[in-house]
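One structure, as structure tokens, below. Some questions next.
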Amino acid sequence: MSDCTQTHVHEVVGSVRLAELTEDPHNHRFAGVTEEVIQVPGGHIHALCTRTDFYEDHFHPIHIKTGLPVPVGEGDDARHIHFIDAETKVEDGHSHEFIATTLIDNPIGD
């Protein structure tokens, strides 16, 4: 049995912004699940390591950290999401910026 205490993770889905606007305009989609909580001043964040789908001959790795929690809901139904404002790794001579949010934590509740 592990000494680690399980915290929570978030699902993430999104699309990146267009790149190569004059040569070969395109975007990519991505999906993944964050790693568990990373405690930081003011709350916690999560790391996300995934990659985009393929376009022609390439995909882009995504290795980012989310922002702090943003509360959603009230009372017993209170949950949170995390804002993401990031960029993919460079592949095929370019990268893509993207903005997304995680899905809520614990979607079916206790």
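Considering only protein heavy atoms and a 1.4 Å probe, what is the carbon-and-sulfur percentage of the accessible area of the chain?
Carbon plus sulfur share of accessible area: 52 percent.
While we're looking at this one, here's another question. Find, to one decimal place in angstroms, the Kirkwood hydrodynamic radius of segment 51-101, where the mean of 1/r is taken over every pair of different Cα atoms and then inverted.
This gives a value of 12.9 Å.
Can you give the relative contact order of the chain as a percent, counting alpha carbon pairs under 8 Å and 6+ residues apart?
24
Would you mind counting up the charge near F98? Only other residues with Cβ under 9 Å from its Cβ, with Lys and Arg at +1 and Asp and Glu at -1.
With Lys, Arg at +1 and Asp, Glu at -1, the net is -2.
Now for a separate question. Please turn the phi angles of segment 15-24 into ³J(HN,Hα) values with the Karplus equation 6.51 cos²θ - 1.76 cosθ + 1.60 (θ = phi - 60°), one per residue in order, whole Hz, x for glycine and proline.
10, 8, 6, 4, 10, 6, 4, 9, 8, 7
Restricting to Cα atoms and excluding each atom paired with itself, what does the Kirkwood estimate give for the chain in Å?
15.3
Further, regarding this structure: Go ahead and run the numbers for FRET between V33 and A78, Cβ-Cβ distance against an R0 of 35 Å, rounding to 0.05.
With R0 = 35 Å, the Cβ-Cβ based efficiency is 0.95.
Set Lys and Arg Cβ to +1 and Asp and Glu Cβ to -1, take the dipole of the chain about its Cα centre, and tell me which of G75, P61, P25 lies farthest positive.
My answer, from the dipole projection, is G75.
If you bin the C-alpha pair distances of segment 1-57 every 5 Å from 0, what whole percents do you get?
Pairs per bin, as whole percents: 4, 15, 18, 16, 14, 12, 9, 7, 4, 1, 1.
Further question: Picking from D85, D57, D77, which is most flexible by a Gaussian network model of the chain using Cα springs under 10 Å?
Among D85, D57, D77, the largest mean-square fluctuation in the Gaussian network model of the chain belongs to D57.
The values are calculated or read from the model by the stated rules, or taken from the named source; none is laboratory data. Quick caveat: nothing in here was measured; it's all calculated off a predicted structure. Backbone-built Cβ (ideal geometry, glycine too); neighbour counts: all protein chains shown. These accessible areas exclude ligands, DNA and RNA; they are computed on the full protein's heavy atoms, side chains included. Shrake-Rupley method; radii C 1.70, N 1.55, O 1.52, S 1.80 Å.
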